[in-house]
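Read the structure below first, then the notes.
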Amino acid sequence: QKEVEQNSGPLSVPEGAIASLNCTYSDRGSQSFFWYRQYSGKSPELIMSIYSNGDKEDGRFTAQLNKASQYVSLLIRDSQPSDSATYLCAAQPSGGYNKLIFGAGTRLAVHP
Amino acid sequence: DAGITQSPRYKITETGRQVTLMCHQTWSHSYMFWYRQDLGHGLRLIYYSAAADITDKGEVPDGYVVSRSKTENFPLTLESATRSQTSVYFCASTGGRSQAEQYFGPGTRLTVT
């Protein structure tokens, strides 16, 4: 069973701090990884994609991938209350035909 | 620039009734997906489609039927609704560099009484 694991949280951080969200995956052949943000009652929104080892930065967001450790993370710098949401990690499994396997999500709460 | 839309947004139906959830995308994406999202289970894939007239089962297909006669539409039918099918249903399609980046519709909240 190919799986993506996330800590359900809630992860509580003060406004202005760095929020660190983590994800592990079981399929060593996975090549593409994604972070989605989901506000309560809304649909998932793609915020980051990462395909190779290392860091990828986009504004206040940095995605990190370590394929040897089968580990993906998302850092949110200068966290804002508007970042409070559930963050879903997803991996494209080997032979996945564009399917994604999603983690259950980590709930982030940024308090003023 | 409608993107991907779902209808209805909310639906209440009775056990045993047939109900169809609609999904329409304007991007001409090849791949489309249906998920259900329940507390404690995250997003689970019901069915997906690689192109018109090509569909395949996902993780939880039982009780659901799909069709895809046109690239832009991917309806999901519950043939005889059960209370366990009360959920939020999301449709998605792929696009982007890897063709694995999925973009989601707004969702349909279905309640089966």
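The values are calculated or read from the model by the stated rules, or taken from the named source; none is laboratory data. Fair warning: this is a prediction, and the values are worked out from it, not measured in the lab. Note that we place each Cβ from the backbone using ideal geometry, even for glycine, and neighbour counts take in every protein chain shown. Ligands, DNA and RNA are stripped out before the accessible areas are found, and what is left, the full protein with its side chains, is counted by its heavy atoms. Shrake-Rupley method; radii C 1.70, N 1.55, O 1.52, S 1.80 Å.
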**Q.** A:TYR71 being out of contact with any Pro (no Cβ under 8 Å at 6 or more places or on another chain), open to solvent by 20 Å² or more (accessible area, probe 1.4 Å) and closer than 25 Å to B:ILE4 by Cβ
**A.** no
Q | Residue in the stretch B:9-28 that is within 13 Å of chain A (Cβ to nearest Cβ) and touching a Lys or Arg at 6+ places or on another chain (Cβ under 6 Å) present | A | yes
Q: Provide a single number: the residues in the stretch B:33-60 that are outside any strand (DSSP E or B) and touching a Phe, Trp or Tyr at 6+ places or on another chain (Cβ under 6 Å).
A: 1
Q | Which listed residue is closer than 19 Å to B:GLU59 by Cβ and in contact (Cβ under 8 Å) with a residue 60 or more places away in the chain, from A:ALA90, A:ALA17 | A | A:ALA90
Q. If you take the residues of the stretch A:75-109 that are more than 19 Å from A:SER43 (Cα to Cα), open to solvent by less than 10 Å² (accessible area, probe 1.4 Å) and not polar (S, T, N, Q), which of them is nearest to the other protein chains (Cβ to nearest Cβ)?
A. A:GLY96
(Q) Name the residue that is surrounded by the most Cβ atoms within 10 Å (Cβ to Cβ), counting only residues in the stretch B:61-75 that are in a loop (DSSP other than H, G, I, E, B) and within 10 Å of the chain's Cα centre (by Cα). (A) B:PHE74
Q. Within the stretch B:76-113, can you find the residues that are crowded, with 17+ Cβ neighbours inside 10 Å, in contact (Cβ under 8 Å) with a residue 40 or more places away in the chain and part of a loop (DSSP other than H, G, I, E, B)?
A. B:ALA81, B:GLY105, B:GLY107
Q.
Looking at the structure I just gave you, is A:ILE50 within 14 Å of chain B (Cβ to nearest Cβ) and in contact with a Pro (Cβ under 9 Å, 6 or more places away or on another chain)?
A. no
Q) Inside the stretch A:24-42, can you point out the residues that are within 12 Å of chain B (Cβ to nearest Cβ) and open to solvent by less than 30 Å² (accessible area, probe 1.4 Å)? A) A:SER30, A:SER32, A:PHE33, A:PHE34, A:TRP35, A:TYR36, A:GLN38
